[in-house]
Amino acid sequence: MNTSKTDTGGWQARQRKNTVRLRYWTSAWVLSLAFAAFGPKLLWDFNTGLTILGVVINLAVGFGMIVANKQYVQGLDEMHRKIFLDAGALSLGIGLVCGLGYELLEDIKLIAFQPEISHLIILMCLTFLAGLIMGHRKYQ
């Protein structure tokens, strides 16, 4: 009986550690993306070597974030993993369908502006968040 409490406490500690690790990697990735995006214009006047270095750093930190995300998901219990997977599937589906439709609007001249990837990223993030919320409410 005491082992289940200890196991639960150990699982919670591991999950907290995985969550903190993912938070740090995600924050580092966002900062490295900002550095790679704004550094050429604001810091080093489009120096090619520094720009390439910024992009390479961003990619390396991005892969670190992917590994941290994988560890986070592997540490989830079955219900939370299902919620995460369902939210991810919803986000991927909405992103794919809406993203291609958005690009098509410009190709067939129904919108006059160039579609921006940032719009798609925002849509996918909001969809993923909504999927997580709906999943947690479903299994409460």
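The values are calculated or read from the model by the stated rules, or taken from the named source; none is laboratory data. What you are looking at is a predicted structure, and each value in this text was computed from that prediction instead of being measured. All Cβ positions, glycine included, derive from the backbone under ideal geometry; neighbour counts span all protein chains shown.
Here Asp86 does not qualify as surrounded by fewer than 14 Cβ atoms within 10 Å (Cβ to Cβ), touching a helix residue (DSSP H, G or I) at 6+ places or on another chain (Cβ under 9 Å) and under 23 Å from Trp11 (Cα atoms). Please go through region 30-73 and give me each residue that is among the hydroxyl-bearing types (Ser, Thr, Tyr) and closer than 30 Å to Trp11 by Cβ, ordered by number. Result: Tyr72, single match.
In this entry, Lys5 is excluded by the filter for residues that are assigned by TED's automatic domain parsing to the domain that holds Ile122 and either modelled with pLDDT under 95 or not in a helix (DSSP H, G or I) (or both).
Screening His136 against (1) surrounded by 13 or more Cβ atoms within 10 Å (Cβ to Cβ); (2) farther than 28 Å from Gly9 by Cβ; (3) over 18 Å from the mean Cα position of the chain (by Cα) leaves a single unmet condition, (2).
Rundown of residues vs (1) modelled with pLDDT of 95 or more; (2) in the same structural domain as Ala13 (by TED's automatic domain parsing); (3) part of a helix (DSSP H, G or I); (4) within 18 Å of the chain's Cα centre (by Cα), yes/no style:
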| position | (1), (2), (3), (4) |
| --- | --- |
| Asp45 | no, yes, no, no |
| Gly49 | yes, yes, yes, no |
| Leu59 | yes, yes, yes, yes |
| Ile66 | yes, yes, yes, yes |
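With respect to the conditions (1) farther than 16 Å from Thr19 by Cβ; (2) assigned to a helix (DSSP H, G or I), Ala112 falls short on a single one, namely (2). A residue that is in contact (Cβ under 8 Å) with a residue 24 or more places away in the chain and either surrounded by fewer than 16 Cβ atoms within 10 Å (Cβ to Cβ) or touching a Gly at 6+ places or on another chain (Cβ under 8 Å) (or both) occurs somewhere in region 6-14.
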